[in-house]
Number of protein chains: 2
Amino acid sequence: MNPTIQQVAEAAGVSRSTVSRAFTRPDMLNPETVALVRDVAARLGYVPSQVARALSTGRFGNIALLVPDVGNPFFPPLIRAVEKQADLSGACVFLGNSDENPERENVLLKRLSGQVDGFILASSRLSDAEIRAHAARRPVVLVNRDIAGLGRVLIDSAQGVGDAIRHLHELGHRRIAYVSGPSASWSNQQRWSAASRGARDLGLDLALIEGEQPSFEGGASAARLAVDTRVTAAIAFDDSMAHGLLAGFSAAGVDVPGTISVIGCDDVLGARTYPPLTTISSGADDAGRLATDMLMGLLGGSQAGETLRLPTTLIVRATTAIARQGS
Amino acid sequence: MNPTIQQVAEAAGVSRSTVSRAFTRPDMLNPETVALVRDVAARLGYVPSQVARALSTGRFGNIALLVPDVGNPFFPPLIRAVEKQADLSGACVFLGNSDENPERENVLLKRLSGQVDGFILASSRLSDAEIRAHAARRPVVLVNRDIAGLGRVLIDSAQGVGDAIRHLHELGHRRIAYVSGPSASWSNQQRWSAASRGARDLGLDLALIEGEQPSFEGGASAARLAVDTRVTAAIAFDDSMAHGLLAGFSAAGVDVPGTISVIGCDDVLGARTYPPLTTISSGADDAGRLATDMLMGLLGGSQAGETLRLPTTLIVRATTAIARQGS
DNA sequence: TTGAAAGCGATACCAT
DNA sequence: ATGGTATCGCTTTCAA
């Protein structure tokens, strides 16, 4: 149905090689020839077949982005940035949603590896070994996952979490809870250890509340657990959970920030919560953009193993306040 | 690097044809042969090359989903559902984000058409003619876009909007505003006309407030316009805008629902806003699932032109109340 | 039931 | 600067 290179060649009175070169290596051709061929091609509505090209060159012109949950507000900005940046290189993007399920992630990796030049794995839930195995076959860039030798873009929330702990300390909080995200998440591990370190340094009590899901609902149910712990502040794994905490506390009649302070992470909700959420910045879009650039670099022959750390800072809004007295 | 069909054939002591058939038409082969081939293939880690297959069959095993804005909370559930449903058919999904830009949408369509079996266009911003042109080349299913002859999944918010108007009428509201979304959006047109019709039938005043962007920010700035109109209730194009309205009114010291009632559309925020948003249900996930099924049907040879209308209903939460007196 | 061979639509090496 | 041709990996007639 689409005209083939053959038909263009005949219509232009040249060989297929020439038509091919008119598009891929115009510098090798006489400028007039290029013009002629392109003209004829345009008239015929010729579009080079990506698959034929891929079969012969081994390059697909596509990349794949895998995320655990499109529904988590952290990812859309990331996805959008990847999309945009890939577009600049003329690459198309396969999106895979693993639904927080490692097996599905593996299946997607396998299924996709035959049609993409490389992968961006955002918050992968796979084991190091599994990721390494895939990286051995195709270039891989990791977002928020730290595996030596692979390309990494890390949103370094340790810094922001440290700021958050100090912020709470200054407000007089002495007993704090960390509401955790997925245990397989590098970000969760990083945030938890940063919180532990910060709390230890300042002599604060830090309780761990295990969140079920990194979502609004997960946060809401964690709120029910938190009210029993008598902490005066909670730092949540991410903004979704913090948002859920807000709702949970509100439902339980617990005032935020009067009775308990709440801090989120990722700053994907802006000032949209009520009260506006104090949170830790992330720059998910930067991460997406940089990860894509890094992947394109790898495809262009750069060495793997580069690590980019994006700094984070505390953004104080309205869910943190002076610790309540006598508690 | 990946084993080819040839190597599997040699290792199994059969011809390439046989290996091919062992995977695509096992019924044509002796069961033992199938078992043997599959065994060898598995041992070698053989995975059929999608592109080679596509080149020879003309089928790619991929579909593309185009949305105007991944960041709009309406789309993630839709994306997720498409992803999940496509997975059942073993298809991979290209995601395209047009950023509300028709040109980009066209570019994506063109670029992708060489590697997908069909498209799902969600809330397309293209003209009917453009969409028809693309549909002539590849199967297309539309979500929230009504073009005769093409596959359509329509979230019929007319019904829900009618309910919303009646609900406001019962609460004593007489002057209502509709805060509009993108003019190129079918949903926006449908919602606006349903609101007009409902208002006319009940003898209500309906003002049109033109929203800038279908986003939180767009709603927030529309709120500033709304306070001047002296309406006692506003229906927003979608939940994002309604959410922005809430924030805008709050910033302006206007009480919701005391002074003004607010109704959203799509129910993607659940009860996460403050106050919990009265809204119109959508079932974006159903739409995604059904659109994918429909597309798969088209690929399987069904006739195009089918229309699926998904009903909507009003979900009353806490942003609507009795109209203020003496206004 | 299985094999041989001709494509599918491009690229790229080798000639000219 | 241009053309001829083998090749990429698989599917699919046509024969056997």
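The values are calculated or read from the model by the stated rules, or taken from the named source; none is laboratory data. Just so we're clear, the structure is a prediction, and the values are computed from it rather than from any experiment. For neighbour counting, all protein chains shown are included, and Cβ atoms are generated from backbone atoms with ideal geometry for every residue, glycine included. Accessible surface areas use protein heavy atoms only, side chains included; no ligands, DNA or RNA. Shrake-Rupley method; radii C 1.70, N 1.55, O 1.52, S 1.80 Å.
One residue stands out in the stretch B:41-73 among those that are more than 13 Å from DNA strand D (Cβ to nearest atom) and open to solvent by 10 Å² or more (accessible area, probe 1.4 Å): the one that is nearest to A:Gly71 (Cα to Cα), namely B:Pro73. Residue count for the stretch B:284-327, restricted to those that are under 29 Å from B:Gly172 (Cα atoms) and of a type outside the set (Ser, Thr, Tyr): 12. The residue that is most open to solvent (accessible area, probe 1.4 Å), among those in the stretch B:154-173 that are touching a residue at least 24 places away in the same chain (Cβ under 8 Å) and among the charged types (D, E, K, R), is B:Arg166. Of all residue pairs spaced 6 or more apart or on separate chains, those with beta-carbon atoms under 9 Å, a first member in the stretch B:1-30 that is part of a loop (DSSP other than H, G, I, E, B) and a second member that is within 7 Å of DNA strand D (Cβ to nearest atom) and open to solvent by 80 Å² or more (accessible area, probe 1.4 Å) are B:Thr4/B:Arg16; B:Leu29/B:Arg21.
Take A:Ala11 and decide whether it is open to solvent by 40 Å² or more (accessible area, probe 1.4 Å) and away from DNA strand C (no atom under 13 Å from the Cβ). Spell out how you get there, then give the answer.
Working: open to solvent by 40 Å² or more (accessible area, probe 1.4 Å): yes; away from DNA strand C (no atom under 13 Å from the Cβ): no.
In short, no.
Evaluated against (1) surrounded by fewer than 18 Cβ atoms within 10 Å (Cβ to Cβ); (2) near DNA strand C (Cβ under 8 Å from one of its atoms), A:Asp27 falls short on exactly one condition, (2).
Among the strands (runs of 3 or more DSSP E) confined to the stretch B:84-192, the ones with at least 2 residues that are away from chain A (no Cβ under 14 Å) and touching an Asp or Glu at 6+ places or on another chain (Cβ under 8 Å) are located at B:151-156, B:175-180.
Just for the stretch A:74-91: of the residues that are out of contact with any strand residue (DSSP E or B) (no Cβ under 7 Å at 6 or more places or on another chain) and open to solvent by less than 40 Å² (accessible area, probe 1.4 Å), which one is farthest from DNA strand D (Cβ to nearest atom)? First the steps, then the outcome.
Step one: of the stretch A:74-91, the residues out of contact with any strand residue (DSSP E or B) (no Cβ under 7 Å at 6 or more places or on another chain) are A:76-77, A:81, A:84-85, A:87-90.
Now narrow it down to the ones that are open to solvent by less than 40 Å² (accessible area, probe 1.4 Å): A:76, A:81, A:85, A:87, A:90.
On the way: A:Pro76: 35, A:Ala81: 33, A:Gln85: 29, A:Asp87: 26, A:Gly90: 20 Å.
Among those that are out of contact with any strand residue (DSSP E or B) (no Cβ under 7 Å at 6 or more places or on another chain) and open to solvent by less than 40 Å² (accessible area, probe 1.4 Å), it is A:Pro76.
Test B:Val268 against the criterion of being touching a strand residue (DSSP E or B) at 6+ places or on another chain (Cβ under 8 Å) and not assigned by TED's automatic domain parsing to the domain that holds B:Asn72, and give yes or no. So B:Val268 fails the test.
Pairs meeting the criteria (first residue in the stretch B:59-74 and assigned to a loop (DSSP other than H, G, I, E, B), second residue of a type in the set (Ser, Thr, Tyr) and open to solvent by 10 Å² or more (accessible area, probe 1.4 Å), beta carbons under 7 Å, at least 6 apart or on different chains) are B:Pro68/B:Ser123; B:Asn72/B:Ser215; B:Asn72/B:Ser240; B:Pro73/B:Ser240. A:Leu206 falls short on exactly one of the conditions (1) modelled with pLDDT of 95 or more; (2) assigned to a helix (DSSP H, G or I), and that condition is (2). Scan the stretch A:273-286 residue by residue and report those that are open to solvent by 10 Å² or more (accessible area, probe 1.4 Å) and touching a Phe, Trp or Tyr at 6+ places or on another chain (Cβ under 6 Å). Correct list: A:Tyr274 only.
Of all residues in the stretch A:14-24, count the ones that are open to solvent by less than 80 Å² (accessible area, probe 1.4 Å) and either within 7 Å of DNA strand C (Cβ to nearest atom) or within 24 Å of B:Gly58 (Cα to Cα) (or both).
5
Do we have any residue at all in the stretch A:62-73 that's at the interface with chain B (Cβ under 10 Å from one of its Cβ atoms), among the polar types (S, T, N, Q) and closer than 30 Å to B:Ser56 by Cβ? Taking every residue of the stretch A:62-73 in turn, at least one turns out to be at the interface with chain B (Cβ under 10 Å from one of its Cβ atoms), among the polar types (S, T, N, Q) and closer than 30 Å to B:Ser56 by Cβ. Here is the figure for the stretch B:220-245: residues that are under 27 Å from A:Glu217 (Cα atoms) and open to solvent by 10 Å² or more (accessible area, probe 1.4 Å) total 4.
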